[in-house]
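Enquirer: Mind looking over this structure? Questions follow.
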Amino acid sequence: MATNKFSAQWLVDNAVRGTYWLENWLKIGWLGGKRGPFFIRSKLEQFPWMWNIMRANQLLNMVTRTRSGPYLEANAVVITNLVGSIMEMVDGIFARKSDTVLHEDLVPPEILYGMGLNPWMAEFLGIVVPLINQTTMEHYIDVAENEGIPPDVCSLPKSTMGLALEHELPDPVAIISSNMPCDGGMNSYSLIEQQYDAPAYRLDVPYDFYNERAIDYFVGELARMIDWLEQNTPGRMDWNRMRGVCEERNRYVELELDLWDMVHEVPAPMAAEPIYLTHLMFGIAQPGHPRGTRTMQRVIDLASKIRHKGGGAFGDERYRVILWNPPTLIFQDIFVWAEQAYGVAMVMDMLTYHRHPYIDTSTPESMLRGIAHCMMQGPMARHTRGPAENFFSDLFDIYERFNADMIWMAGHIGCKNTQALNGMFREKCRERGIPLLFIDYDLSDTRIVPPEGIRRQIEQFMETVMNAERLDSGREDD
C-alpha cells in the first residue's frame, strides 16, 4: 500500500520515480536530438499522435502513484523500456522508410526481423496511445464511422482505420495481414490497403489449427510469404539472423515462465502491469527483441526482492483475479485503484497466458514450424476460433494454476466473438462456483462507459458478490 508522506520509504520511492521520469525524458530527447527540432516539428504535424507519446510520463505517474518499493520500481522499469522501444520504432519509420512493413497485430515480427526489415504493427497506436491519453482514439473512431464503418465494429480496428484514413500510419513498402483475429480486424485491412500505395499479402490461418496437417499447411504459407517479401521489399532472409531472433525470444519465454512460477505463490510478489504490459510489448509487439529479455530479467529480480522480504507486491493482497479478454485500455490504472480499494491482485490475463513451445532453431524448417505454432495460437485469436472449448480451456487452467478467487471478464461490447459466449461463460462458472464479473465497457471509447462507470461495476460486484469491505485508502477515488 501507499507509504506515509515524508517517511524514509516515501523519499526513496519519489527518488526512484524521479529517476525513471528523467530517463524517459532523456529517451524522448534522444529522438529530438538525433533528428533535430525542425524535423521533429514537421513530423508532429504529420503524426499528431506523437504528442501523446511524448507524454509517456503520465503513464509512469499512473502506475507508480500508489505503489512502493520494488513493486513501484518494477512498474517504472516496464514503462521506461516501453518508452525506449517506442522511440526506436518511431525513429525507424523516419530512418528506414524504404523497408518499413506494416503488419497486423496477429502477425508477429520475427520473420521481418530475420529479413532485415523494419516492422510497424498497424494496431500498435490504437493499443498504446489510450494507455497514456484515454480519449485520443475517439477522434479516429469518429473518422472511421463517418466514412461508413458500422458503429458496432470493434473500436480497435476502427481506431486503426481512422489513423489510416487520416494517413497517420507510416507509409509502408508492403502490408502483411491475416484472417485473424475477428471479422472486424481482418476486414479493416481492405480499407488500409486502399489508403496506401503498397502491395499486400494475407496469410491464411486454418480454422482448425490444433493438428499437424494445419501446421504443415501454415509453414508453407510462411515460406510463401518470405518469397513474396523478397520479391516486393528490399528484405532478404538471413537464417542466422533469424536464429538469433528466435533464440532471444526463447530466452524471454524462459524468464517469463520463471515469473509465472513466482506469481503462483500467495501472496504474489508481482502483479498487474509488470506482468501484462511487459508481455504486451515484448511478447506480442516485439518478440525476440533484447530489450524484452532485459526488462523481464529486471522484473524477476525485483520480484525476488519482494519475495525475500516476505509479503506480496503491494503488501495487502486480499483477492486474486484473472482478467479475461484484452486489458481495459481506457482505464489503464484499474488495478492501481483495485489494489488500494479492495486489495485485488491481478495475477494473469488472457493475452499474457501463452502455452507456446520454444522455437527449435536447428534448421530453417524448424524455425518456421515454431513460428507457425505461435502465430496460429496467437493471443485471443486461439480463444475465439473453433469450438467454444478453445475459449474456456486456458481460462479454467489459469484460474486453478494461479490460485485465483474470481474472474473479471472485460466485456468489450465490440467483441462479437466473446459476447456470443457470455451465457455459456456464466453457466460454466456457476457450475464451478467461480465468482464472475462482466465489465460492460468499450475498449477504446470512454463515451460508452467511462472509467467511473467501470469502477462502479467493480464496487458493486466486490461488495455484493465477494462481500468485500472497501479499504480506507481507496476512498480517495470516491
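The values are calculated or read from the model by the stated rules, or taken from the named source; none is laboratory data. The structure presented is a predicted model; accordingly, all values stated were derived computationally and were not measured. Note that we place each Cβ from the backbone using ideal geometry, even for glycine, and neighbour counts take in every protein chain shown.
Enquirer: Scanning for something surrounded by fewer than 15 Cβ atoms within 10 Å (Cβ to Cβ) and in contact with a helix residue (DSSP H, G or I) (Cβ under 8 Å, 6 or more places away or on another chain), does segment 269-281 turn up at least one residue?
Expert: No: zero hits.
Enquirer: Return yes or no: is residue 156 assigned to a helix (DSSP H, G or I) and either at pLDDT below 95 or under 28 Å from residue 91 (Cα atoms) (or both)?
Expert: The answer is yes for residue 156.
Enquirer: Could you count how many residues in segment 163-215 are in a strand (DSSP E or B) and aliphatic (A, V, I, L, M)?
Expert: Residues flagged as in a strand (DSSP E or B) and aliphatic (A, V, I, L, M) within segment 163-215 amount to 5.
Enquirer: Something else now. If you take the residues in segment 154-178 that are in contact (Cβ under 8 Å) with a residue 60 or more places away in the chain and over 30 Å from residue 411 (Cα atoms), which one is surrounded by the fewest Cβ atoms within 10 Å (Cβ to Cβ)?
Expert: 171
Enquirer: Which of the residues spanning segment 65-92 are of a type in the set (A, V, I, L, M) and within 18 Å of residue 281 (Cα to Cα)?
Expert: Those that are of a type in the set (A, V, I, L, M) and within 18 Å of residue 281 (Cα to Cα): 74, 76, 77, 78, 79, 82, 83, 86, 87, 89, 90.
Enquirer: Taking the residues in segment 264-314 that are of a type in the set (D, E, K, R) and closer than 20 Å to residue 244 by Cβ as candidates, determine which candidate is nearest to the chain's Cα centre (by Cα).
Expert: 291
Enquirer: If I filter segment 354-373 for residues that are in contact with a Cys (Cβ under 6 Å, 6 or more places away or on another chain), among the polar types (S, T, N, Q) and surrounded by fewer than 22 Cβ atoms within 10 Å (Cβ to Cβ), do I get at least one hit?
Expert: Scanning segment 354-373, I find at least one residue that is in contact with a Cys (Cβ under 6 Å, 6 or more places away or on another chain), among the polar types (S, T, N, Q) and surrounded by fewer than 22 Cβ atoms within 10 Å (Cβ to Cβ), so the answer is yes.
Enquirer: Hey, does segment 57-79 have a residue that's under 27 Å from residue 315 (Cα atoms), among the charged types (D, E, K, R), touching a residue at least 12 places away in the same chain (Cβ under 8 Å) and not in a helix (DSSP H, G or I)?
Expert: Within segment 57-79, one or more residues are under 27 Å from residue 315 (Cα atoms), among the charged types (D, E, K, R), touching a residue at least 12 places away in the same chain (Cβ under 8 Å) and not in a helix (DSSP H, G or I).
Yes/no matrix, rows are residues, columns are (1) within 19 Å of residue 380 (Cβ to Cβ); (2) part of a loop (DSSP other than H, G, I, E, B); (3) touching a residue at least 40 places away in the same chain (Cβ under 8 Å); (4) of a type in the set (Ser, Thr, Tyr):
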{"residue": "86", "(1), (2), (3), (4)": "no, no, yes, no"}
{"residue": "92", "(1), (2), (3), (4)": "no, no, no, no"}
{"residue": "101", "(1), (2), (3), (4)": "no, no, yes, no"}
{"residue": "105", "(1), (2), (3), (4)": "yes, yes, yes, no"}
{"residue": "126", "(1), (2), (3), (4)": "yes, no, yes, no"}
{"residue": "129", "(1), (2), (3), (4)": "no, no, yes, no"}
{"residue": "152", "(1), (2), (3), (4)": "yes, yes, yes, no"}
